[in-house]
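Colleague: Structure incoming, see below.
The values are calculated or read from the model by the stated rules, or taken from the named source; none is laboratory data. Not measured: the values here are computed from a predicted model. Neighbour counts run over all protein chains shown; Cβ positions are idealised from the backbone, glycine included. Side chains included, ligands, DNA and RNA excluded: accessible areas come from the protein's heavy atoms. Shrake-Rupley method; radii C 1.70, N 1.55, O 1.52, S 1.80 Å.
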Amino acid sequence: MAALVLFTASTFLSVTTEMLPTGLLTAMSRDLHASEARVGILVTGYALMVALFAAPLGRATARIRRRVLFTGALAGYAASNVLMAVATVYPVAAVARLTGGLTHGLFWAMLAGYIARMVDPARLGRAMTLVFTGGTLAILLGVPAGTALGVAVGWRMAFVVLAAVSLLLVLLGWRILPDLPGADGADELSLLQVLRTPAVTVVVLTTAVTMLGFFSFFTYISPFLLHAGVSEQGLSPVLLGYGVAGAVGLFVTGLLIDKRPRVAMLGGAVLLTGALALMAVGRGSVPLAVIGACLAGMALNSQALGVQAATLRAAPAGATDTASALNASAFNIGIGGGALAGGLVLDSFGVAALPLVAAVLTGIGLVGVAAGRRNGFPATVPL
């Protein structure tokens, strides 16, 4: 349990580090002498590094002992945040964020596999639920708190605090985490071999298209809500409601994921597509926009947990880290690709078209879940 709590704290740190610049965009833009759009690219570039390098890094580090690798990733977060705090020009900030993106890819490539080797397979879903709570708390508390700190004493101090937390977790991790060995070279499969496993293929493709759809909408949720009639003062409460609903979705899915994983995945996929469709049909309606956004947040967390658990269970023997790394890449391809696709939709058809396009894409993800009864998303947990 102590190790799982430390993993939870680490995911809190990870997601806060990734998303913090979104709350400090204006201040960072002013101090780095760069436009807000250029500072925004720091977030996109971070996701791109994860998408491109999570799987190769997971493969390249497969033989390294897990405690060494995990604490090394936490040290990477510390280095990235320190470099960000001392950056006075945009290129240095870019290097800091790209370093953070590589660290992020390594962290998520190994995290799920590490957990899977520590807990009973019958309790894997509950363990993942606890750890994923750290990411939810980062959105609810970490980013707002970091933003408030940045406004009060300067954005650089927010990154200094994150660096200090990273180093504290390094020390605790070295003391608490089990020192499990890396993969045996004789049992390793190539990335392509793992990806060609039918169950892994289904899960990874489902992850990519679902996240592509969701983030094509969520990246631009603020302009959509404003277009629907939500006031600027109302944005923060709606987004808080979105985060709280996400926590509820995570909790409910955690109750089902070890016993009825297919029910959890199908329910989340239907809810996500339905919430987006609701917003598409009810555009211009504040109540429907708010309800739809909250339902989408609930469903997104459900799907994120579900595909991660499905990946671990679909992975060939000895290849959980590789499969998890492939899924991490797919997730971030969805984040970056969704932001790009949503921007194109926004420019071409306007903000009202965003939930419709997103619903079509997540609907394809729903088809992937429905078609994965035998491979990827079985009705029961294989033991």
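Colleague: Which trypsin sites (Lys or Arg not before Pro) from the stretch 96-177 combine a DSSP loop assignment with at most 16 other Cβ atoms within 10 Å?
Modeller: Arg117
Colleague: Which FRET efficiency value, to the nearest 0.05, is calculated for Ala370 and Arg30 with the Förster distance at 56 angstrom and r the Cβ-Cβ distance?
Modeller: 0.70
Colleague: Provide the packing ranking of 248-256, 25-33, i.e. peptides ordered by the mean count of other C-beta atoms within 10 Å per residue, highest first.
Modeller: Highest-to-lowest ranking by the protection proxy: 248-256, 25-33.
Colleague: Starting from the 7 Å offset along Cα-to-Cβ, what nm value, one decimal, do you get for the label separation of Leu167 and Val92?
Modeller: A separation of 1.8 nm, rounded to one decimal place.
Colleague: What accessible surface, in Å², does a 1.4 Å probe find on Leu195, ignoring ligands, DNA and RNA and rounding to the nearest 10?
Modeller: Solvent-accessible area, nearest 10 Å²: 70 Å².
Colleague: Grab the DSSP H runs of the chain that are 4 residues or longer, score each as -39,500 (n - 2.57), total them, divide by all residues and round the 222 nm result to the nearest 500 deg cm²/dmol.
Modeller: Roughly -27500 deg cm²/dmol at 222 nm, from the helical runs in the chain.
Colleague: Provide the per residue accessible area, probe 1.4 Å, for the stretch 293-383, rounded to a whole number of square angstrom.
Modeller: Per residue, the stretch 293-383 has 37 Å² of solvent-accessible surface.
Colleague: Just reorder Phe12, Phe70 by solvent-accessible area, largest first, 1.4 Å probe, all chains present.
Modeller: Sorted by accessible area, descending: Phe12, Phe70.
Colleague: Still on this structure, please answer the following. Quick check on the stretch 246-371: what are the equivalent-ellipsoid semi-axes from the Cα gyration tensor, as sqrt(5λ), descending, whole Å?
Modeller: 27, 18, 11
Colleague: Which sequence of Trp174, Trp155, Trp108 reflects their accessible areas, 1.4 Å probe, from the largest down?
Modeller: Trp174, Trp108, Trp155
Colleague: Calculate the dipole size of the stretch 105-255 relative to its Cα centre from +1 charges on Lys and Arg beta carbons and -1 charges on Asp and Glu beta carbons; express the result in debye to the nearest 20.
Modeller: The calculation lands at about 200 debye.
Colleague: Once ligands and nucleic acids are excluded and a 1.4 Å probe is used, how much of Glu36 is accessible, expressed in Å² to the nearest 10?
Modeller: Number for this one is 90 Å².
Colleague: I need the phi-derived Karplus couplings for the stretch 44-56: 6.51 cos²θ - 1.76 cosθ + 1.60, θ = phi - 60°, integer Hz, Gly and Pro marked x.
Modeller: My calculation for the stretch 44-56 gives 5, x, 4, 5, 5, 4, 5, 4, 7, 10, 4, 5, x Hz in order.
Colleague: Over all directions, the average projected area of the alpha-carbon convex hull for the stretch 205-249 comes to how many nm²?
Modeller: 3.6
Colleague: Using a 1.4 Å probe over the heavy atoms of the protein chains, calculate the carbon and sulfur portion of the accessible area of the stretch 186-244 as a whole percent.
Modeller: Carbon-and-sulfur percentage of accessible area, whole number: 67.
Colleague: Something else: Which percent of the Cα-Cα distances in the chain go past 28 Å?
Modeller: 42
Colleague: About the Cα centre of the stretch 1-94, what is the dipole size in debye to 20, counting +1 per Lys and Arg Cβ and -1 per Asp and Glu Cβ, all else neutral?
Modeller: For the stretch 1-94, the charge dipole is close to 500 debye.
Colleague: Could you report the accessible area of Phe215 in Å², rounded to 10, computed with a 1.4 Å probe on the protein chains as they sit in the structure?
Modeller: Per-residue accessible area (Phe215): approximately 30 Å².
Colleague: Using only the Cα atoms of the stretch 223-318, construct the convex hull and provide its projected area averaged over every direction, in square nanometres to one decimal.
Modeller: In nm², the orientation-averaged hull projection of the stretch 223-318 is 6.8.
Colleague: I've got another one for you. Heavy atoms only, probe 1.4 angstrom, no DNA, RNA or ligands counted: give me Tyr114, Tyr220 ranked by accessible area, highest first.
Modeller: Sorted by accessible area, descending: Tyr220, Tyr114.
Colleague: Related question: Please report, to two decimal places, log10 I(q)/I(0) for the stretch 1-106 at q = 0.11, 0.20, 0.23 Å⁻¹ as given by the Debye formula with identical point scatterers on the Cα atoms and no solvent.
Modeller: For the stretch 1-106, the Cα-only Debye profile gives -0.36, -1.02, -1.24.
Colleague: Right, next: Taking K and R as +1 and D and E as -1, what net charge do the other residues with C-beta under 12 Å from the C-beta of Ala87 add up to?
Modeller: +1
Colleague: Of Gly343, Leu32, Thr273, whose Cα points farthest to the positive end of the dipole of the chain (charges on the beta-carbon: +1 Lys, Arg; -1 Asp, Glu; origin at the Cα centre)?
Modeller: So the residue we want is Thr273.
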